[in-house]
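What follows is one structure encoded as structure tokens, with my remarks underneath.
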Amino acid sequence: MGHGFGLIEGDAGASRQSHEVITLFVQPSLSPPVDMGFCESVRVLSGQASAGAFRAAVVVLLLQVSLAQTGPPQTACPAAAAPQNLTQPQYQHTAEEDASVGFMAALVQSFLHTVQPNPFPKDLILKIVKDFEMQLSQETIKEALVYEVGFLVCAAIGVLYIVLMPIVGFLLACCRCCGNCGGKMYQKQTSAIHCRRRTLYWTAFVTTVILLAGNICMFKSNEAIKVSVDQSQVELNKTINNIHSFLTAVPQQVDDVVNESSRTVQEVSSNLDAIGPQLGREIKARMRATVDQALHSVRLLDQETVNTTLQLDRLNSSLAQLQSSVDHLQANLTAVKNRINNTLSNPSCIRCNNLKPELRDLTVDTSNTIPSLNEFQSAVDEINRTDLKSKIKEVENYFDSIPQMVTNATKGVVQSSKQLLGNIKTQISQVTNNIPLSALTNVSETLNLLQRNIIKITPEVKRAEHIRWAVCVVLCCVVLLVVVCNFLGLALGPLGLTPEADPTKRSGTADCGGTFLMMGAGLSFLFSWLFMIAVLLLFLLGGNVYTLLCQPWINGQLLKLIDTPGVFPGLDIGSTLGLKTNINISDIYRDCEKNQPLWTTLHLYELMNLDDLLNVTKYTEQIQQHFDNADITLSDITLLSPEVKNQLRSFSNKATNIDSTAVMQQMNNISSINLNTTADQLDKLAAVQPNNDTREELQNEARDLRQIQTDIETIIIPQLENLNSTIGSLGSRAEQINGTVEEVLSNVGAAQDFLDTNTTQIVKTESRTFLDCQLGYFTNYAAWANVTITEQVGRCGPVAGAVDSAEIILCSYIVESLNAFWFSLGWCMIFFIPSIIFSIKLAKYYMKMKFSDVYDDKLIMNHIPRAQMKII
């Protein structure tokens, strides 16, 4: 027979009720004195025995309050079934702006902004794109030329430089070959000649330093180009890998979200398979929350009974040992007393009759004054004969059988619920079909093809870059050669020059310095126009790339141009994805800069209704209905029978107090015995005996009395003290038995009332909690999946990072390095002009002249023909 409990409160009235009685016999127990911690806890409980009735009333009151509640509080659901956070892919660290590469960026950009102050020509580019397939109109061409007027002016200056420099150099060479333009080695000596020489020297020196600075920038920018190209290949591969990882991760993340539903279904399915252990464990835990206190009291009582039995055995052993010691003492004392009596009766003993009265008082009281514990012993033995541990085990077995009862009652509902779980899994898997992942796959394949092509052309790029680097190094070295010639001229000229010396008698060192200056000027004429061609070409290329591509890329105008309708017809992302609204590149880039998910970036909410796909309410309602129709049957338990209650009360009545006063009296009696006094008198008597045998006998008898006194003090008295302590402890336990039994009866009664009243409600509440937990897993999953898909899947930060990385690779690395190189080279070419002028003029002050011009304070000069008065 048993109770049938439905999971709906309305079914409680139709439940069947029966009783399966489990009788629990309870025995009182006492704890041993050696276990002080346990003993103290029992004493605290049993010390309150006088308030047992009050505690019982409080327990009943609390029980009534608990019954007035709608149900016990629900336990929290296990957290193991909670969905896991979505794992984001790990991306490689992409390129960042390098200050060492763009060391001249500010100067070059300032120059380019001066050359091209016009804003980005969006309208002009749109016209060119519109008229690209047809012939460009004259108006469009004119507008383009007007926009590029700054570059055209610079290009015209460069062309003029390219044309004039070789012509001027050729004319200068012809003049020198014809004996003109410095052909006559004569220098007029004036008062200002030294001032002019110093002025020319320092201007040539400053110009050469400026050339050296430009040449250093050439070397550094050339190396920066090489480093940029090398880094660009690595960074480009990183960028492509990041995009590939992103495109690969998006389908995987969607699959993870769908697979998480499978994990949730599997988790709930496993919980349904284990409904017996799980639900049964919770029901058992709720029932045992009150019963365990009663069982704990029973276990304590059983332990105290065992410990009391052990203490009674020790008490009996102590009594037997004490009685044996006292009997042995009495026998020894009687033997000594008889010997003393014989010695005192010996005629040869002088003055011995005076000691005979004291000898009659020489005795020890060995009567047993300890009260009998037979009644208490029989009461303890009666409780021990009740197998209390086996009764507790029967209760434990009942609670352990609850999970199996639940399993047997829910087989049908588990099977039908698992079929509905499969339908939930099928519905959620439709999320994968509604998200357009094929487009990402196509882009990924394109990136793979691009990466293979990059790998294929990388050797050619490295070879071309090596050639470019070598050519630029040659250019730098030629410029450096001019600088070296100038510095050698500036160093050797003053070093070998004696200002007061005749110009025709200048040293070879000074003449060599002038020659180096002329070599620098000649090399400048020879190569500058060729280098200016490179400057012009690189200026037109790098300058326009910066102004038309890099600058609008950085400020976002390039993306606005791309977003303009009709510029790139193939970039209609909205129509490609089948969206109602169009999406432009700028919006995608801004969202990806914020690392937004694809759900908001691509407006995927226009393609599917995520709430409908994740709504599993209809299936959870069916599962709930199946559980409501289930019937779980449990049995009632009876913790204490009337026979056991009467037995416990009888045991409590027999636990009388044990009085240790008699033991204390006997200890005092024995402690008052002092045989040493008699022994001292025997020693005094022996001292006056003329007979040696009598003297020796008295001394031996005195020694024996002292030994008996020592035995009393070291054996008898400690045994009496131990016996007194044992009896006192046993008496304390006997006094606590009434309170202990009352405590057990109170706890067991309260637990029995709780089970009789709340078992049905516990089964209902825990069953509802278990079902709510299982359905809550799907609710949590739906909320998690919604948040994950709309906020975490496809965070497109790598896309914006790829765009930024491409801008850094192209503009910050390559274009800035290239612009720095042509700017440095152009810098040197411009300063070649003053360098040539100052070098040629300064060389006349160091080179050895063929004709002299004597100069003193009165300006007297040698006669020289007028035809030879020409100066350079």
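The values are calculated or read from the model by the stated rules, or taken from the named source; none is laboratory data. Since the structure is predicted, the reported quantities are computational estimates derived from the model, not experimental observations. Cβ: placed from backbone, ideal geometry, glycine included. Neighbour counts: every protein chain shown. These accessible areas exclude ligands, DNA and RNA; they are computed on the full protein's heavy atoms, side chains included. Shrake-Rupley method; radii C 1.70, N 1.55, O 1.52, S 1.80 Å.
Here the Karplus relation 6.51 cos²θ - 1.76 cosθ + 1.60, evaluated at θ = phi - 60°, turns the backbone of the range 591-607 into coupling constants of 5, 6, 4, 8, 6, 6, x, 5, 4, 8, 5, 9, 6, 5, 5, 7, 8 Hz, with x for every Gly and Pro. Backbone geometry of the range 762-773 corresponds, through the Karplus equation with coefficients 6.51, -1.76 and 1.60 at θ = phi - 60°, to 3J(HN,Hα) couplings of 4, 4, 4, 5, 5, 5, 5, 4, 4, 5, 4, 5 Hz, x marking Gly and Pro. Between Asn555 and Gln293, the C-beta separation translates, for a Förster distance of 56 Å, into a calculated FRET efficiency of about 0.15.
Of Ile350, Ile216, Ile435, Ile585, which has the most accessible area with a 1.4 Å probe, and how do the rest follow in descending order?
Details: Ile350 70, Ile216 95, Ile435 20, Ile585 45 Å².
Listed by decreasing accessible area, they come as Ile216, Ile350, Ile585, Ile435.
Using a simple spin-label model with pseudo-atoms 7 Å out from Cα toward Cβ, Gln707 and Arg281 lie 7.3 nm apart.
Could you please report the charge total around Ala144, scoring K, R as +1 and D, E as -1 over all other residues with beta-carbon less than 12 angstrom from its beta-carbon? Neighbourhood net charge equals -3. Each peptide in 677-685, 617-625 gets a packing score, the mean of other Cβ atoms within 10 Å over its residues, and the list from highest to lowest is 677-685, 617-625. Were the residues from Cys177 through Val473 laid out at 0.36 nm apart, the gain over their Cα-Cα distance would be 103.2 nm. In sequence order, the range 375-380 has phi-based couplings of 5, 5, 5, 5, 5, 5 Hz under the Karplus curve 6.51 cos²θ - 1.76 cosθ + 1.60, θ = phi - 60°, and Gly or Pro positions carry x. Exceeding 25 Å between C-alpha atoms, which entries from my cross-link table qualify? They are Lys130/Lys456; Lys122/Lys462; Lys122/Lys220; Lys284/Lys411; Lys127/Lys238. Exceeds cut-off: Lys130/Lys456; Lys122/Lys462; Lys122/Lys220; Lys127/Lys238.
For a quick protection proxy, order the peptides 400-413, 322-335 by their average other-Cβ count within 10 Å, most packed first.
On the way: 400-413: 17.3, 322-335: 15.6.
Taking the mean over residues of other Cβ atoms within 10 Å, the ranking is 400-413, 322-335.
Note on Ala144 and Ser245: the extension gain reaches 32.1 nm, defined as 0.36 nm multiplied by sequence separation minus the Cα-Cα distance.
Leu171 sits with roughly 100 Å² accessible to a 1.4 Å probe, with DNA, RNA and ligands left out of the calculation. Placing a label point 7 Å from the Cα of Lys356 along the Cα-to-Cβ direction, the residues of the range 332-349 with a backbone N closer than 14 Å are 340-349. Here Glu721 sits with roughly 100 square angstrom of accessible surface, probe radius 1.4 Å. Taking amide hydrogens as placed 1.01 Å from N in the peptide plane, the amide H of Thr633 sits under 5 Å from those of Phe5, each at least 5 positions away in sequence or on another chain.
Each label point was placed 7 Å from the Cα along the Cα-to-Cβ direction; for Arg339 and Thr790 their separation is 11.0 nm.
Spin-label pair Gln92-Ser378: with each label point 7 Å from Cα along the Cα-Cβ axis, the two points sit 9.7 nm from one another. For the pair the range 263-329 and the range 763-801, the centres of their Cα atoms are 44 angstrom apart. Computed across the range 168-324, the Kirkwood radius stands at 29.7 Å (inverse of mean 1/r, all Cα pairs).
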